[in-house]
Structures are given as C-alpha cells and as structure tokens.
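Asks: Take a look at this one; I'll ask things after.
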Amino acid sequence: MKKELKIYLASPRGFCAGVKRAIDIVEKSISKYGSPVYVRHEIVHNKQVVEELKKKGAIFVDELSDVKDNSRPVIFSAHGVPKSVPEEAKLKNLSFVDATCPLVSKVHRESEQLNKNGYDILLIGHKNHPEVIGTMGQLRKDSIKLVETKSDAESLNVEDFKKPLAYITQTTLSVDDTAEIIDILKRKFPKIKGPIKEDICYATTNRQSAVKKIASKCDIFFIVGSRNSSNSVRLVEVAKKAGCNKSLLMHSEKDIPYNEIEKSSVIGISSGASAPEKLVQELLNSIKKDRKVSLEEVIVAEEKVVFKLPKELN
Ligand code: SF4
C-alpha cells in the first residue's frame, strides 16, 4: 500500500504576465513574419520554454552580431536591454520587437526621470543579471551605481554623493532582503528617494508570500525553475528562511530526489515566474506514482494582470 503524503501547492506560482507576453511575442512574430526569427538572449529564463520556441522557428543569439540574416526580425528578451542594443539594431537596419516586460520598462523610465531631475541613482540588484545590465544601460555609467548586498549599502560613502540620491531595484529580488538593504540606505541617507510604487513586481511578491505561508509546515520544498531564473532562486531562499531547510530548485526531472521524498510526510511545491505549469504537473505525477497524495492548494492572491502586445503584433 502507498504511504500517505501531504502536498501544499503554492498559488500564485509559475508564469507571470510579463513572461506570457514575451512568449506570445515570439510565437506571434513567427506567425506574422515566418521563421526564423532571432531572439537576443533567452526570452525568459527557462530551458523548456526556449527549446519549445526553437522547435517553432526561433533562433537564440547572445548578441546582435550573431544574427546571420539581417532581413529577419530580432526580439529582445523580457529582461530588457541597454539603450545601446536598439541603437545597434537601427544602425544595422534590423527590424526588432521589444519583449521587455512593462514592469521592467517602468524601472527604466524611473531611472531616466530621476537622472533628468538631477539624482544620483543606486540600483539594488544582482551583478550580471540581464535585467540589471539593461537597467544600468539606460544611463551613463557614472550616473548609476549597483548595490548588491547589505555590506555594499553599509560601505557607501556619504561624501561621495554630491547630488540628491535615489534608489531603484531589480524586479525579481527577495522582498525581505531588499527591505533590509533599503533600511540601511535610509539610515545612511535619510533624504534618499524611493520609487512611488515599488519596483519588485507583483508576481515576485505574490510567489514569495505563498511560499512563506507554507514553508514552515514542510519537510521538503520544491521550486520548479531554471538555475539562471532569478525569481526561482529567490523562492528557494525564501522557503529556507521561512522554515524549510530542505528547499531545492527542480531544474529538470533528473533532479527529483526520490529518496528524500520517501522520507517526507509533507511537501511544498511552487514554481518561478518563467516555469511552465506542465513541469509542476509532471513533478506531481511522478511523486504520485509512489505515494498516496492529498493535495492542498494554498492561494494567497488572485492574479488578473495581462499586458498588451506591442502594436506591430496586435
Ligand atoms: S517577474 Fe515581474 S518583472 Fe519579471 S517578467 Fe514577470 S511580471 Fe515582469
């Protein structure tokens, strides 16, 4: 007889509105312009999504210089691009479709506005993440400085900033860790200006809240998502901090630790904003082969956000 297993399924989980829009943009571009279409960088950070789109006619490249046929359109990924990228595309006469998530574009516009209003800007985020490269690339190098950690914030020198100071953030950070960094900045620079509406997006916040609600009840927590997906990696950290030490990223079916599942009586599952629901269902189905599962979905928010497609694809 199969042993009983309780599974808490976090909700919301998986695809956010920005990811859905970006995938839609690639699919609609292939329908409208035919294949191939080029995509600069992984459209969203998920291997399965990328592989599916390759089958449909997308060619993924790292840089515009890798585009072999300049008559084909190029799509920019959901993470956003530095200003230099559309400029380069125009110089090369490439037609392009921008799949930058509107919530990332909001941060880009904020940075421009602050710069125009004479602020020095601190960007809280992770070095080398494409979104951070894109946001920093909206401005001249000396107008924006990256703050990655609490110790980065502590080590900032008040005398180094002659202009008024403002901060913006990456959209997929840990809500709690970022709040700690902001507290330090506010202590050191009491007049620092923050965004009117916070930059960490609704999808990141909701997925973290759902994980937090469940984690302490679980023996093991699985976050379905890719290793290079910032918001998925953050969810693993959030689950650990919220009380489930054994929290793991489920990158592929090969990762499923059946021996750990065998020892568990309560499991939590969620998925990052770029992970297809199909992968969550596959994980559930493989667990159900050996265990008698009682499933409870824990819903902390209803998401109704939908972003419009760029007008050239409407
Ligand atoms: S995680 Fe947030 S910012 Fe990133 S694509 Fe999704 S909605 Fe947009």
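The values are calculated or read from the model by the stated rules, or taken from the named source; none is laboratory data. Note that the structure is a prediction, hence the values are computed from the model and not measured. Neighbour counts run over all protein chains shown; Cβ positions are idealised from the backbone, glycine included. To get the accessible areas, we keep the full protein, side chains included, count just its heavy atoms, and leave off ligands, DNA and RNA. Shrake-Rupley method; radii C 1.70, N 1.55, O 1.52, S 1.80 Å.
Asks: Residues that are out of contact with any His (no Cβ under 7 Å at 6 or more places or on another chain), small (Gly, Ala, Ser) and buried (at least 24 other Cβ atoms within 10 Å of the Cβ): does segment 211-231 have at least one? Lay out the reasoning, then the answer.
Replies: Here is the first cut: in segment 211-231, the ones out of contact with any His (no Cβ under 7 Å at 6 or more places or on another chain) are 211-225, 231.
Narrowing the set further to residues that are small (Gly, Ala, Ser) leaves 215-216, 225.
Within this subset, residues satisfying the condition of being buried (at least 24 other Cβ atoms within 10 Å of the Cβ) are 225.
Scanning segment 211-231, I find at least one residue that is out of contact with any His (no Cβ under 7 Å at 6 or more places or on another chain), small (Gly, Ala, Ser) and buried (at least 24 other Cβ atoms within 10 Å of the Cβ), so the answer is yes.
Asks: Next up: Sort out which residues of segment 21-58 are touching a residue at least 40 places away in the same chain (Cβ under 8 Å) and among the charged types (D, E, K, R), and write them in order of number.
Replies: Arg21, Asp24, Lys28, Lys32, Arg40, Glu42, Lys47
Asks: If you don't mind, another one. Using the structure shown, decide if Glu154 is surrounded by fewer than 17 Cβ atoms within 10 Å (Cβ to Cβ) and either touching a residue at least 24 places away in the same chain (Cβ under 8 Å) or within 24 Å of Lys20 (Cα to Cα) (or both). Don't jump to the end; show me each part of the working.
Replies: Working: surrounded by fewer than 17 Cβ atoms within 10 Å (Cβ to Cβ): yes; either touching a residue at least 24 places away in the same chain (Cβ under 8 Å) or within 24 Å of Lys20 (Cα to Cα) (or both): yes.
Yes: the conditions hold for Glu154.
Asks: Quick check on Val81: is it more than 15 Å from the ligand (Cβ to nearest atom), touching a residue at least 12 places away in the same chain (Cβ under 8 Å) and not assigned by TED's automatic domain parsing to the domain that holds Val147? Quick ask: steps written out before the conclusion?
Replies: Details: more than 15 Å from the ligand (Cβ to nearest atom): no; touching a residue at least 12 places away in the same chain (Cβ under 8 Å): yes; not assigned by TED's automatic domain parsing to the domain that holds Val147: yes.
Here the answer is no, as Val81 does not meet what is asked.
Asks: Starting from residues that are within 16 Å of the ligand (Cβ to nearest atom) and more than 14 Å from the chain's Cα centre (by Cα), keep the ones in segment 108-132 and report whichever is surrounded by the fewest Cβ atoms within 10 Å (Cβ to Cβ). So that I can check it myself, show each step before the final result.
Replies: Going through segment 108-132, the residues within 16 Å of the ligand (Cβ to nearest atom) turn out to be 108-111, 123-126, 129-132.
So of that shortlist, the ones also more than 14 Å from the chain's Cα centre (by Cα) come out as 108-111, 123-124.
On the way: His108: 21, Arg109: 10, Glu110: 20, Ser111: 23, Leu123: 22, Ile124: 23.
It comes out as Arg109.
Asks: Considering only segment 144-196, state which residues are modelled with pLDDT of 95 or more, in contact with an Asp or Glu (Cβ under 9 Å, 6 or more places away or on another chain), aliphatic (A, V, I, L, M) and assigned to a loop (DSSP other than H, G, I, E, B).
Replies: Listed by number, the list holds a single entry, Leu173.
Asks: Which ranges mark the strands (runs of 3 or more DSSP E) fully within segment 1-76 that have 2 or more residues being open to solvent by 20 Å² or more (accessible area, probe 1.4 Å), out of contact with any Gly (no Cβ under 6 Å at 6 or more places or on another chain) and modelled with pLDDT of 95 or more?
Replies: Working: elements: 3-11, 37-40, 58-61, 74-76.
Passing ranges, in order: 3-11, 58-61.
Table: residues versus (1) touching a residue at least 24 places away in the same chain (Cβ under 8 Å); (2) over 19 Å from the mean Cα position of the chain (by Cα).
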site: Phe76; (1), (2): yes, no
site: Val85; (1), (2): yes, yes
site: Ala99; (1), (2): yes, no
site: Thr149; (1), (2): yes, no
site: Glu159; (1), (2): no, yes
site: Thr169; (1), (2): yes, no
